[in-house]
Amino acid sequence: MPTKTAEKLPKFKTGWPGSKSVSLFEEEQKYIAPGIQSIALLSKLTIDRGQGPWLWDMDGNKYLDFNVGVSVASLGYSHPKYIAAVTNQLKKVTVGSFTSEVRLKLLKLIAQLAPGKLNRTQLFSGGAEAVEAAIRLARSYTKKVEVIGFGGGFHGKTAGVLPLSDVDWKVHFPLAPNMHVTPYSDLDAIKALVQDKCKGKLAAIIAEPIQGTAGNIVPPAGFIRQLRDLAHENGAVYISDEMICGFGRTGKMFGCNHDEVEPDIMTIGKGMGSGFPVSGVITTDELAQAKPWSLPSASSSSYGGNPLASAAAQITIQTIVDEKLVQNSARVGDILLKALKKVGEKYDFVGEVRGKGLLIGMDLIQPKSKEKMPKALCEKFFSECLKRGLIMMGYAPRVRIHPPLVLSEVEALEGVSRIDGALAAIAKDMRRMSSSPQVPSKRNSERDVPRS
């Protein structure tokens, strides 16, 4: 176990959970429908404002945010350029599918940054909507129907993509046909699936370059290129779902850049609007002409590409470029990952720590069995983080870390210090529950802790 030191906690005005936050949360529960995100339910936070990577609740408590709406607020909160651009557009016009100067700037910028020949973008307002459009495009172009996704993947909750999302509750609904899921990173299983069920009928293979919802799972180097090649060998297209990975999150502009892959279709969203609902499909001139996808109104959206959404996305992406936030993600992400690995070595209930850029995962395990840490202990870890002024998706065995791209080295290391304090609190609880007086340290143990 780590040497005991006096841990300096952030100065809270009232401490978590604050009474005003909880009161407002509980009042809202009388009116909001069930089913909101676990992070909101467990934290009972009521947020007042934000600045950079920091949030303040209604009680005046200050939190370092390593979640940012699940990789959404790429510029953090209240970025002055973002506020100015969105405010300026708000004073002009906000809705409509007519051409606007700001949408033209956005589309040209995306075409400049996207890999290879990908230069045609259709805009939407949500991730699942964009993924459904990408699948319709793949089927329009190939004139085939079968689509392959992966275990652990997540592409949305709407009917058209739910079969490809790894959520257990989908068994309660009738699922769209012609969609298949196979183990991630298992190329032999994918080839077998193609031969057994999709031969001559495969329209697309879709994958996340790094699986976010599964716990920020990084595939072996070259795997994404193998998927693209396998799709092409079977007359299909490869769709890279970059909802989480796109626009600098992984330390490169797009996740597929790590394998130097040019997809046939990319889906984008989340961080591209830094909090404003906007998503898109990017493809080539050739694919974009496929019918019926290209027919008037066949791939349009009521809110897609509206002037306000375009302004938010354009200033977000331009700021990512101008302020070199892709490079910052790579540099600070490497510092954060190394520091987290070093902290993880102190606790034998921390398994693999992995990631690229500012997309990092950490596994919480049971020391003896190496199984996943029980839910109650995970939620305790989440609470201990909140007590130390850190917001993070740490309530499940696979902890997900994705701070804003503007995170500094100092803020990254401050976050690691708070994680270390929360882990130390869990170690203390585990000692109390265990018959052994002390949880062994990895350094002093000859047992090998699995890293996957």
| Unmet criterion (only one of (1) over 30 Å from Val93 (Cβ atoms); (2) surrounded by 24 or more Cβ atoms within 10 Å (Cβ to Cβ)) for Ile317 | (1)
| query | Which ones in the range 359-412 are open to solvent by 30 Å² or more (accessible area, probe 1.4 Å), of a type in the set (A, V, I, L, M, F, W, C) and within 21 Å of the chain's Cα centre (by Cα)? | reply | Ala396, Val406
| request: Return the total of residues in the range 413-452 being among the charged types (D, E, K, R), open to solvent by 60 Å² or more (accessible area, probe 1.4 Å) and at pLDDT below 85. | output: 5
| query | Ala214: assigned to a loop (DSSP other than H, G, I, E, B) and open to solvent by 10 Å² or more (accessible area, probe 1.4 Å), yes or no? | reply | yes
| For Gly355, all conditions in the list (1) open to solvent by 30 Å² or more (accessible area, probe 1.4 Å); (2) touching a residue at least 40 places away in the same chain (Cβ under 8 Å); (3) not charged (D, E, K, R); (4) not in a helix (DSSP H, G or I) hold save one; what is the number of the exception? | (1)
| task | Looking only at the range 120-157, count how many residues are farther than 22 Å from Ser274 by Cα and either modelled with pLDDT under 95 or of a type in the set (Phe, Trp, Tyr) (or both). | result | 2
| message | Being free of Cβ contacts under 8 Å to residues at least 40 places away in the same chain, among the charged types (D, E, K, R) and open to solvent by 10 Å² or more (accessible area, probe 1.4 Å) is the requirement here; does Lys81 meet it? | response | no
| Identify, please: which residue in the range 67-93 is touching a helix residue (DSSP H, G or I) at 6+ places or on another chain (Cβ under 8 Å) and among the polar types (S, T, N, Q) and is, among those, farthest from Gly126 (Cα to Cα)? | Asn88
| request: Return only the number of the condition from (1) open to solvent by 10 Å² or more (accessible area, probe 1.4 Å); (2) over 15 Å from Gly421 (Cα atoms) that Ala339 does not satisfy. | output: (2)
| query | What number of residues within the range 121-165 satisfy the criterion of being open to solvent by 20 Å² or more (accessible area, probe 1.4 Å), of a type in the set (D, E, K, R) and within 22 Å of Pro183 (Cα to Cα)? | reply | 2
| task | Output the residues belonging to the range 378-400 that are of a type in the set (A, V, I, L, M, F, W, C) and in contact with an Asp or Glu (Cβ under 7 Å, 6 or more places away or on another chain). | result | Ile391
| note | Of the residues in the range 159-202 that are under 20 Å from the mean Cα position of the chain (by Cα) and in a loop (DSSP other than H, G, I, E, B), the one that is farthest from Gly215 (Cα to Cα) is Val161
| said: Restricting to the range 362-380, give me the number of residues that are among the β-branched types (Val, Ile, Thr) and without any contact (Cβ under 8 Å) to a residue 60 or more places away in the chain. | reply: 0
| From the set of residues in the range 50-76 that are within 22 Å of the chain's Cα centre (by Cα) and without any contact (Cβ under 8 Å) to a residue 40 or more places away in the chain, which is least open to solvent (accessible area, probe 1.4 Å)? | Gly50
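The values are calculated or read from the model by the stated rules, or taken from the named source; none is laboratory data. Owing to the predicted nature of the structure, the values given are computational and were not obtained by experimental measurement. Every residue, glycine as well, gets a Cβ built from its backbone with ideal geometry; the counts of neighbours run over all protein chains shown. In case anyone asks, the SASA skips ligands and DNA or RNA and just uses the protein heavy atoms, side chains included. Shrake-Rupley method; radii C 1.70, N 1.55, O 1.52, S 1.80 Å.
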